[in-house]
Amino acid sequence: MQEHVSDRLVGTLVDDRYAVRSKLARGGMSTVYLATDQRLERDVALKVLHPHLATDDTFLGRLGREAKSAARLSHAHVVGVLDQGNDGQTAYLVMEYIKGHTLRDVINAKGALPPRLALALIDPVVEGLGAAHAAGLIHRDVKPENVLIADDGRIKIGDFGLARAVTTSTSTGALIGTVAYLSPELVLGRQADARSDIYSVGIMLYEMITGQQPFGGDVPIQVAYQHVNGTVGPPSALVPGLAAEVDELVQWCTANDPEKRPVDGNALLQELRHIRTNLTDSELDLQPPAALAAGAHNPTEIIARTSNPTAVMSPLARPGQQPPMGMQPPQGPQATSVLPATPDAGHQRSADYGAFIPPTPVLSKRAQRKADVEDEKARSRAAATPLRSLREGNPRRRGALWALILIIAALLATGAGWFFGLGPGSPGTIPSVANKTVAQAQQLLTDAGFQSRTSDVFDDDVPSGLVVGSQPEAGTEIRKFQSVSLFVSKGPELFGLPELTGKTLDQAKDALNKAEMALGNITEKFDEGTAAGVVLAQDPASGTPSRHGTPVNLTVSKGPQPIPVPSVVGRGQDDAVKAIEAAGLKAVISPEKVKDKKIPKGSVASQSPPSGTLTKGGTVTLTISDGPKLVDVPSYIGKQASDARKALEKLGFEVRVNNILGGFFGTVRDQDPVDTAVPEGSVITLTVV
C-alpha cells in the first residue's frame, strides 16, 4: 500500500538512474520509495538511509558489506538486493519491488487461519530461510511484517541480513512487536544461529493458527521473560481438534533449548512438507473457532461477559464439603427464594456454605418413609439448582485478593522501574570499537553495561584479529539487555584463482570477471604449437589464494613466428635448396622444368611463393630451368635486310647488321649463323651491301 505524501526526493533522479515516483514507507533507519530503474526500465524499491546515517562512514562501510552478502543470496522466496551506492548525501539500497501486502496484513484481516492456509503460507518462508542457512546467512528478524505476498501469489522474505537501527523513540508497542518473535538465546544475549530463525518461525506459525501470539505483556521485559522462562503451549488449546502433528511441529520449533529444534530451515522444510502431505483434508481444512477470527474478543473476556451466570456455577454441595475455589455464598433473589435469609430458632446454618438445615422431627415409620422420599426429591431439586455465582465473593477474601494484586503490581512497577532506569533495561550508547582488539572492545562494552558476542567476518581493510565494527553501530542508543554483536576481522577473504591457460583471451577475461579478479599486464610471444590469441601462462598461477580484485598477468600466444621467404631465382638448384632449408623452410622441386632464355639450365627459373612469410616448416616450390629452347635459323641471303630483320626478330633472335659500302642496295650478302638451330635469343649477324 503506497503512502502518497510530499517528500523532497519524490520526482527526483537518484544517481542519474533511479527516478523516484512515490514514498512507500518510513522506518527507523530509512525511507523506502517506489522508483523506476531507467537503465533497465523496471520498478524497484529504493531504500534511502536517513541523513544522520548517510554521513557515518563506518555505518556505510558495514552497509556495503551486508548488501554484498544479501546480493549473493539469490532465491525465489527471498527479496533480492539489486544495487547499493551513494549520490552526494543520499546513501541508498536498491531492492526488488514486490507489489502486494504482508503476512501481517493477512493475520490482521483474517485472524486465525485454517491449517492448510497457514502451512501453505509458511512453506516458502521456510524454503527461503533454508537457502540462506545453507549459504551461512541468518535473518535474525523473522516476523510477519517481513513476509511479503505479491499480488500474483509469490511469497518472499525481505530485509535479509540488512542493518537494523534501534532508536530512542521506539514505542513500547513497537518493541513488543519485535520482542514477540525473539528466541530465548537472543533475549539472553547469546550467539544467534539458524535455530534462532526457526524459533521465530514457530512463534509466527502459532500466531497464524491461533490468531494471537503465545506471549503477551504490558512491557517488553514481560514478553522477553516468558520467552526465556515459559513454554509455548500447543495451538490446539485454542483451536480444538487441531491435528497433533501441527502441535508437535510448533512446539518442536519453539523449544527453549536450541539443541531440541530443527538444525536449520532445510530440516524444518522436510518435516513441514511431510506433515502437509500426510494430514487428511478434514484436518487441513479445520476452521478455527469464531472467537479467534479477526476482531473477536479475547476468550477470557467472553467468559467474564456471559449473560447467564448460572452456566458457570457449581451445583449445590452436600453439607460438610468444602466449596470449589472461587465459589461464593448465594446472593440475590435466587438464593432467598430457596433458603430463608435468617434461620429460625432451633435451626442451624452450615459454617461452610450458609445453607439452611432444618431440625429432624420424630415421625412414624410410614411418615418417615414418606418424608425420606420427599427429602430425596428436595435434594434432587436442590442439586439441579446452582446456588453460587463466580461473580459473587466473600468480601474479606475479595479484599485480600485485591491487596495481593496491588502488592504484585507495585513489585512489578518497582522492578520495571529499576530494570528500565538502572538495570539491564536502561538505555545506553554503544561505544566505538572499530580497529580494536577483541579484548579491548569487549571491555569497552562491559564498562558501558552491554553484553557482547563475536562473529568472524572477512574484511579487506581491517587486519585480522581486530574488530571491524558492531551491530548496532557505534553511537546507537539501545537498552542494555539487548546484546551487541562484534564483528572480528579474519582479514581479506581469499579465493582460488581460476585456470586460464589454454583459454582464449576473451574467455580468460570472462573468467576473471566472474571470479571478481582484475586483468593485469598482457604479454604476447610467438609459440610454434599454439594458435594466436590463446593464453600460454598466468601469474599468479591458478589456485593461488587471492583477494578479490587481484590483477592476474597473462602471456598470450601470437601464433608461430613468421619466416621471410628467401628469393633463389637464378641460383643453382643445390644452392637454392640449401638457402631455403637454412631459413627453416622446406624446398620442393617441381617435376616439370621450363625453358628460359635468360636462366641457365639447372638453375631456378621460378619459386612459389616468390616472397612474403611462412611459418616454420612451410613449403617453397622451386621450378628448374631447362635452358633456352633451340630455334632453326632460316637463310635470308639475297633478301632485303629490312625484311630479314623483321623475320628474325619475330623468331626471337637479336639481329645485328654489318653494312658494306654503306649498304647502298640493302641486300643481305651474308648471314651468320644460317640454316642451323641455335638457342632462342641468339645474335644473328647480317652482312648488307
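The values are calculated or read from the model by the stated rules, or taken from the named source; none is laboratory data. Predicted, not measured: the structure shown is a model, and the values here were computed from it. Neighbour counts run over all protein chains shown; Cβ positions are idealised from the backbone, glycine included.
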Inset, instruction - Considering only the range 224-243, state which residues are closer than 21 Å to residue 291 by Cα and without any contact (Cβ under 8 Å) to a residue 60 or more places away in the chain. - result: 232, 233, 234, 235, 236, 237, 240, 241
Inset, instruction - State which residue is modelled with the highest pLDDT when the search covers only the range 454-484 and only residues that are in a loop (DSSP other than H, G, I, E, B) and of a type in the set (Val, Ile, Thr). - result: 462
Legend entry - Per-region count, the range 211-249, residues of a type in the set (S, T, N, Q) and touching a Gly at 6+ places or on another chain (Cβ under 9 Å): 3
Legend entry - Count of the range 638-649 residues which are among the aliphatic types (A, V, I, L, M) and closer than 17 Å to residue 664 by Cβ: 2
Inset, instruction - Just give me the residues in the range 436-494 being out of contact with any Ser or Thr (no Cβ under 8 Å at 6 or more places or on another chain) and among the small types (Gly, Ala, Ser), in sequence order. - result: 439
Inset, instruction - Could you grab the pairs with beta carbons closer than 7 Å, sequence gap of 6+ or different chains, first residue in the range 665-681 and touching a residue at least 24 places away in the same chain (Cβ under 8 Å) and on the phi > 0 side of the Ramachandran plot, second one among the charged types (D, E, K, R) and part of a loop (DSSP other than H, G, I, E, B)? - result: 681/597
Inset, instruction - Among the numbered conditions (1) of a type outside the set (D, E, K, R); (2) buried (at least 17 other Cβ atoms within 10 Å of the Cβ); (3) under 31 Å from the mean Cα position of the chain (by Cα), tell me where residue 243 comes up short. - result: (3)
Legend entry - Long-range neighbours under 6 Å by Cβ, at least six apart or interchain, first residue touching a residue at least 24 places away in the same chain (Cβ under 8 Å) and surrounded by fewer than 19 Cβ atoms within 10 Å (Cβ to Cβ) within the range 84-110, second part of a helix (DSSP H, G or I) and of a type outside the set (Ser, Thr, Tyr): 89/54; 102/145; 104/144; 104/145
Legend entry - For residue 647: the one exception among (1) in contact (Cβ under 8 Å) with a residue 24 or more places away in the chain; (2) over 60 Å from the mean Cα position of the chain (by Cα): (1)
Inset, instruction - Enumerate the strands (runs of 3 or more DSSP E) found wholly within the range 513-561, keeping only those where 1 or more residues are surrounded by 12 or more Cβ atoms within 10 Å (Cβ to Cβ), over 33 Å from the mean Cα position of the chain (by Cα) and of a type in the set (D, E, K, R). - result: 518-525
Legend entry - In the range 58-79, residue farthest from the chain's Cα centre (by Cα) [restricted to those that are part of a loop (DSSP other than H, G, I, E, B) and crowded, with 18+ Cβ neighbours inside 10 Å]: 77
Inset, instruction - Test residue 591 against the stated conditions and say whether it is under 21 Å from residue 626 (Cβ atoms), of a type outside the set (Phe, Trp, Tyr) and assigned to a loop (DSSP other than H, G, I, E, B). - result: yes
Legend entry - Residue satisfying all of: in the range 443-473; of a type in the set (Gly, Ala, Ser) and surrounded by 18 or more Cβ atoms within 10 Å (Cβ to Cβ); farthest from the chain's Cα centre (by Cα) among these: 452
Inset, instruction - Evaluate the following for residue 43: is it modelled with pLDDT of 90 or more and assigned to a strand (DSSP E or B)? - result: yes
Legend entry - Verdict on residue 505 being surrounded by fewer than 19 Cβ atoms within 10 Å (Cβ to Cβ), among the aliphatic types (A, V, I, L, M), farther than 20 Å from residue 53 by Cβ and more than 24 Å from the chain's Cα centre (by Cα): yes
Legend entry - Residues being assigned to a loop (DSSP other than H, G, I, E, B), farther than 26 Å from residue 629 by Cα and small (Gly, Ala, Ser) - total across the range 643-688: 1
Inset, instruction - Please verify whether the range 199-209 includes one or more residues that are among the polar types (S, T, N, Q), part of a helix (DSSP H, G or I) and within 31 Å of the chain's Cα centre (by Cα). - result: yes
Inset, instruction - Among the residues of the range 485-499, write down those that are among the aliphatic types (A, V, I, L, M) and either in a loop (DSSP other than H, G, I, E, B) or more than 24 Å from the chain's Cα centre (by Cα) (or both). - result: 497
Legend entry - Extreme residue, farthest from residue 411 (Cα to Cα), among residues of the range 186-235 that are surrounded by fewer than 17 Cβ atoms within 10 Å (Cβ to Cβ) and hydroxyl-bearing (Ser, Thr, Tyr): 231
Legend entry - Every pair of residues 6+ apart whose Cβ atoms lie under 9 Å, when the first sits in the range 510-521 and is touching a residue at least 12 places away in the same chain (Cβ under 8 Å) while the second is assigned to a helix (DSSP H, G or I) and not polar (S, T, N, Q): 517/511; 518/512; 519/508; 519/509; 519/512
